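Every read-out reported here was derived from the displayed coordinates using simple, explicitly stated rules and does not represent laboratory data. Model, not experiment: these values are computed from the prediction. We place every Cβ from the backbone using ideal geometry, glycine too, and count neighbours over all the protein chains shown.
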Amino acid sequence: MVALVAVILTAGVSFAEDQVLYWMVDESAMIDVDGTSVAIKDYLDPSMPNSSSPYIAEPATYYAARIRVTGGGGEDAFLPLYSPGGTIDGSVGVELWDSPSGWGAGIPTGNQSPVNGYSTGTPEYSFIVEIGNVSWDESSGVASWVETVAESAPASYSSLYEANYIARNFDVNPPITEIWTQTSFTAVPEPSSGLLLLVGGGLLLLRRRRAGVT
């Protein structure tokens, strides 16, 4: 009996640490562009000629959403994703597309991202939803995150947990109605031509210095 209790307690601890964040992005999201609020679809479509059929271009390009984790005293990371085959890398995110249930990423029941290990840290871990451009190489089957075009304000682990967006992934009835749906984003400005020129000049000067040293 003592051994059985120990096994149950050990399993309980393991399950308690196995947590998942439910999240999605839908067409209700608005992006602040220099003080003007723009609907996310209106913001993304003009810069994506093949947005209705993103895989026509070669290499193909499409928009996706991912979650960046900051804090904890370490480097930034990206939340992985649960899939039918197991956990997959979340750095290239989830595609924003028109599904039968609506436009977005994770419609209608939300994406599931494990958040094990993020409950404690100094400073506290925060989560940021990023919208970005992803390229897809048909020949190699490799997707790459090209650039981030918009991002949400950071939300702390504790705030997401208190709002019931984080649940135990072994729950018989997961709270699929409690899904973190960020609706406010800020456009990430592209580097200005002046900044690019400054960076390019600095790299050229550095190269010349190295050449002089050698």
What net charge is computed for the residues neighbouring ALA39, neighbours being all others with C-beta under 13 Å from the C-beta of ALA39, Lys and Arg scored +1, Asp and Glu -1?
-4
Using a basic spin-label model with each label point 7 Å from the Cα along Cα→Cβ, how many nm lie between GLU162 and SER184?
1.7
Taking the mean number of other Cβ atoms within 10 Å as a proxy for protection, how do you rank 126-132, 76-82, 95-101 from highest to lowest?
126-132, 76-82, 95-101
Would you mind computing, in nm to one decimal, how far apart the modelled labels at THR148 and VAL33 are, each placed 7 Å from Cα along Cα→Cβ?
2.0
